[in-house]
1. For the Cα atoms of the chain, what angle does the longest principal axis make with the long axis of helix 18-53, in degrees from 0 to 90, nearest 10?
2. Taking the Cα atoms only, what angle lies between the long axis of helix 69-80 and the longest principal axis of the chain, rounded to 10 degrees?
3. Given a Förster distance of 41 angstrom, what is the FRET efficiency for VAL45 paired with ASN11, based on the Cβ-Cβ distance and rounded to 0.05?
4. Could you list which residues have their amide H under 5 Å from that of LYS4, counting only those 5 or more apart in sequence or on another chain, with H placed in the peptide plane?
5. Which value, in debye to the nearest 20, gives the size of the charge dipole of the chain about its Cα centre, when Lys and Arg are +1 and Asp and Glu are -1 at the Cβ?
6. In nm², what is the average projected area of the convex hull enclosing the Cα atoms of the chain?
7. Keeping to pairs on different chains or 8 or more places apart, tell me how many lysine pairs in the chain have Cα atoms under 27 Å apart.
8. Efficiency by 1/(1 + (r/R0)^6): what FRET value for GLU35 and MET72, r their Cβ-Cβ distance, R0 = 25 Å, to the nearest 0.05?
Amino acid sequence: SPEKAMVCFGNMFIELPKAKTREMLQQDQEELDKEINNLRKELRVKVNRLYEAQGKPELKGFNLNPMSAEEMKLINRILEG
């Protein structure tokens, strides 16, 4: 039916309302984004420790954060004139 979507859970397909499916996918994506950001932060610390243990100087620019989509839109507006 047009108001339902087929969703795969493991090796089963289940038919759920589209609104519920969308909500579940958005929650999963938010959790994945949080986990990715935490792993990135941990990686920075670990790489710095590794460089310190090897007697190498700290990587410059390694602690930079990517710009948000909103920041990119503003930059593009400025560049376009």
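1. Helix 18-53 sits roughly 20 degrees off the main axis of the chain.
2. Here the helix axis deviates by roughly 70 degrees.
3. Once rounded, the FRET efficiency stands at 0.60.
4. LYS18
5. Magnitude of the dipole: close to 300 debye.
6. Taking the Cα atoms of the chain, their convex hull projects to 10.2 nm² on average.
7. 13
8. 0.65
The values are calculated or read from the model by the stated rules, or taken from the named source; none is laboratory data. All of these numbers come straight from a predicted model, not from anything done at the bench. Cβ coordinates were reconstructed from backbone atoms using ideal geometry, including for glycine residues, and neighbour counts include every protein chain displayed. Note: accessible area is taken over every heavy atom of the protein model, side chains too, but ligands, DNA and RNA are not part of it. Shrake-Rupley method; radii C 1.70, N 1.55, O 1.52, S 1.80 Å.
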